Ligand SMILES: NC(=O)c1ccc[n+]([C@@H]2O[C@H](COP(=O)([O-])OP(=O)(O)OC[C@H]3O[C@@H](n4cnc5c(N)ncnc54)[C@H](O)[C@@H]3O)[C@@H](O)[C@H]2O)c1
C-alpha cells in the first residue's frame, strides 16, 4: 500500500535536511507520503531555506508545526523522524509512541540514559514500529563484513578515527537562546553533545556490534581534556579519546578518536581480527588475509598475495554517506508498509547497548579509567548519577 504511511520530520537542521532529501526522493518513488515538518525556529521551516538543500521540496500540502507535540496531536502523521539535538528531548518520543505513532530516532537517542529507558519502555508498550538512525548498518561493504564474519569468531576490532574539532557553522539550533554555545557549534560542547564519543563515536561503537553480531559487556576509557584556555573558542570536549570495549562473545574493541583544533586532517584505520584472519579496508576493497589451505601450517610460507581475498568491492562511498541514510529510511518505511519488523537492522531497544556503551565510556573516564559493566551502568544504583539529566538542564 504505497504512499499510505504519512511521515513527519521533527527538527529541520543539519541532519533533518538529510532526512528531508531522502523523504522527498522516497515520496517521488511512492514510498511513504511526506506530509509534515516541525521546528521551533520558523526560519528552519521556510521553503526558501529548505530549497537551498533540496530543490524538489514541495511545500504545498505540508503541515508545519512549531513543536513535536503539535505534530503528535494533529493526527496528520503515522511515523515521525526525530532529528533534534539529543539534550532537547522532553518526552516527545514517549508521547508519540503513546499516540500510536511509529518512531525513527536519530542517534544519540538522548544524553541521559534514564530518559532512553523511558523512551524504550513507551515504544515497547505501544508496540509501534521503531528504529534508530545508524546508517552505517546500510553500507554494503559493512554488511559484507558482517556476513563474512557470521560463521567466524571475532577476536578484535580496531577503529581509529582521526578528525578535528568541529569548527563549521552548519548547525541550525539557536543554541545561544537556550543557554548553549554562542557559535551554535553544539557538537563541540560537552553539555550539548555529551562528548564526541557520544555524539560521533556511537556510530563506530554500533558498527562494531553490527559486524560481530554482539553486544558490549564492559568499557574502559581514558580521554585527554582539551586545554582549558581553548574552551571559549574550540569548545570543551576532549581532544583525544581512547576507549576499550569488551564484547560478550569475547572480542575486544578499540576505538580511538582525535579532535585537535585547527587541523583538517581526516584519517581512518579499521581492522577486524578473527581466529584465522585479518580483515582490512584497502582503498575500494574489503580484504581478508587468510590462508585457506587444509595443510596448515604449510611447509612453504605462502606469500601475502596468496592469502589476500577480496570479500567485496567497496562501492566508493563511506559508511556515513547519504546513500546509506536513504537506504535506512527506505527500509524503515518498507518495514512499516509491509508490517515486517525483520527488515530493519536495529530497534530502539537493541540500540540501547550502543548508547549505554558510549555514555558508560564517559563515566569510566570520569572514574579514572574504571572498568564498567554495561548492564550495571544501565540499571545499578551505583551509576544513577551518570544516567540522570543534570539539575537545571
Ligand atoms: N546519523 C548521522 O550521521 C547524524 C549526523 C548529524 C547529526 N545527527 C544527529 O541528528 C540530531 C540533530 O542534529 P543536527 O546536526 O541536525 O543539529 P541542528 O542543530 O543542525 O538541527 C537540529 C534541529 O532541531 C531543531 N530543534 C531544536 N530543539 C527542538 C525541539 N525541542 N523540538 C523540535 N525541534 C527542535 C532545531 O531548530 C534544528 O532545526 C542529533 O541527535 C545529531 O546527533 C546524526
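Report yes if some residue within the stretch 180-189 is surrounded by fewer than 16 Cβ atoms within 10 Å (Cβ to Cβ), touching a residue at least 40 places away in the same chain (Cβ under 8 Å) and not in a helix (DSSP H, G or I); otherwise report no. For the stretch 180-189, residues surrounded by fewer than 16 Cβ atoms within 10 Å (Cβ to Cβ), touching a residue at least 40 places away in the same chain (Cβ under 8 Å) and not in a helix (DSSP H, G or I): absent.
Here residue 195 meets each of (1) surrounded by 23 or more Cβ atoms within 10 Å (Cβ to Cβ); (2) over 21 Å from residue 18 (Cβ atoms); (3) near the ligand (Cβ under 10 Å from one of its atoms) with one exception, condition (3).
Of the residues making up the stretch 52-75, those that are near the ligand (Cβ under 10 Å from one of its atoms) and not in a helix (DSSP H, G or I) number 3.
Would you call residue 244 within 16 Å of residue 357 (Cα to Cα), touching a residue at least 24 places away in the same chain (Cβ under 8 Å), in a helix (DSSP H, G or I) and not assigned by TED's automatic domain parsing to the domain that holds residue 42? In short, no.
For the stretch 18-38, the set of residues classified as within 16 Å of the ligand (Cβ to nearest atom) and buried (at least 22 other Cβ atoms within 10 Å of the Cβ) consists of 19, 22, 23, 37, 38, listed by residue number. All told, residue 132 meets the bar of being crowded, with 21+ Cβ neighbours inside 10 Å and either within 16 Å of the ligand (Cβ to nearest atom) or over 22 Å from residue 318 (Cβ atoms) (or both).
Residue by residue through the stretch 333-349, note down the ones that are surrounded by 17 or more Cβ atoms within 10 Å (Cβ to Cβ) and closer than 28 Å to residue 195 by Cβ. Residues satisfying the conditions are 344, 345, 346, 348.
Residues considered: 239, 256, 252. Of these, the only one that is under 27 Å from residue 110 (Cα atoms), touching a strand residue (DSSP E or B) at 6+ places or on another chain (Cβ under 8 Å), surrounded by fewer than 16 Cβ atoms within 10 Å (Cβ to Cβ) and in the same structural domain as residue 180 (by TED's automatic domain parsing) is 252. Scanning the stretch 174-191 for residues that are under 17 Å from residue 110 (Cβ atoms), more than 9 Å from the ligand (Cβ to nearest atom) and in contact with a helix residue (DSSP H, G or I) (Cβ under 7 Å, 6 or more places away or on another chain) returns a single hit, 180.
The set of residues in the stretch 2-17 being at negative phi and either in contact with a helix residue (DSSP H, G or I) (Cβ under 6 Å, 6 or more places away or on another chain) or more than 12 Å from the ligand (Cβ to nearest atom) (or both) consists of 2, 4, 5, 6, 7, 8, 9, 10, 12, 17.
Scanning the stretch 97-109 for residues that are more than 9 Å from the ligand (Cβ to nearest atom), farther than 10 Å from residue 130 by Cβ and crowded, with 24+ Cβ neighbours inside 10 Å yields no hits at all.
The values are calculated or read from the model by the stated rules, or taken from the named source; none is laboratory data. Owing to the predicted nature of the structure, the values given are computational and were not obtained by experimental measurement. A quick note on method: Cβ atoms are made from the backbone with ideal geometry, for glycine too, and the neighbour counts reach across all protein chains shown.
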